[in-house]
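The values are calculated or read from the model by the stated rules, or taken from the named source; none is laboratory data. Computed from a prediction, not measured in an experiment: that's the story for all the values here. Using ideal geometry, Cβ is built from the backbone for each residue, glycine included, and neighbour counts are taken over all protein chains shown.
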Amino acid sequence: MRIFWICILCLNSFNLIAHESRSNIITVQGQGSIFQAPDILKFTIAVEEKGENSTVLNDQVNAKTQKILTVLSKHNIEQKDIQAMSLSLYPWYERERQSNIQKGYVFNRNINVTLRDFENYPAILSDLFALKVSRIDGFRYEVEDQQQAYLNALKAAISDGHERAKHLAKNLQIELGDVINVEETSNYQPAPQPSARSLSVFNDAAQYLPGLNEINASVTLSFSIKK
């Protein structure tokens, strides 16, 4: 019986300590946002050929790819900013008399490009369309160093959390102690800014200004309260 009462007293003491510990903590959430201009533009060039002979199609796609690479080099796009490894070959069917008849093959190659000089944007696209490429799409403006941009927003969120805690402490007439816990409550997932895709739009420089990307971060800060 004595052991039973000792256990109850210990539990009550623990609950009192835990309650007192929680009552001596103030928790706030800090928000941080920064606006940063995109510094790269990404897009994809598609080269596609149809025919009966896959070897001939391969030669045709390779020849057009070489012309595209020449255009990109002319506009000072470095090799590290060009990826031309994506290839696909699949059967080409047409519907005839309620049946699918194979006519040959479709050979496709995608070339991914990263553009760093936005002023070359209209001229590059004009030269590419002159080559009669099959398709140009996937335009998106991005910040290249996305991690650093997010860290800057995170720093702003921490500063905001400190200011919020100071404001609460002043109004509650309490004195803040040290930060006893920090939790990052955001996960940066950049949202690429889409660009216009119509050739007529590219003729007006004002139509493809990238604007600013907003990067957000949030943290939860817990402070001790001085007695």
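For the range 72-86, indicate whether the set of residues that are at pLDDT below 95, under 26 Å from Tyr105 (Cβ atoms), under 32 Å from the mean Cα position of the chain (by Cα) and among the hydroxyl-bearing types (Ser, Thr, Tyr) is non-empty.
yes
What do you reckon, is Gln31 modelled with pLDDT under 90 and in contact with a helix residue (DSSP H, G or I) (Cβ under 6 Å, 6 or more places away or on another chain)?
In short, no.
Do you know which residues across the range 45-98 are under 18 Å from Ser134 (Cβ atoms), of a type in the set (Gly, Ala, Ser) and free of Cβ contacts under 8 Å to residues at least 40 places away in the same chain?
Ala63, Ala84, Ser86, Ser88 - these are the residues of the range 45-98 that are under 18 Å from Ser134 (Cβ atoms), of a type in the set (Gly, Ala, Ser) and free of Cβ contacts under 8 Å to residues at least 40 places away in the same chain.
Given the structure, is Ile101 of a type outside the set (D, E, K, R) and either in contact (Cβ under 8 Å) with a residue 24 or more places away in the chain or more than 29 Å from Asp59 (Cβ to Cβ) (or both)?
no
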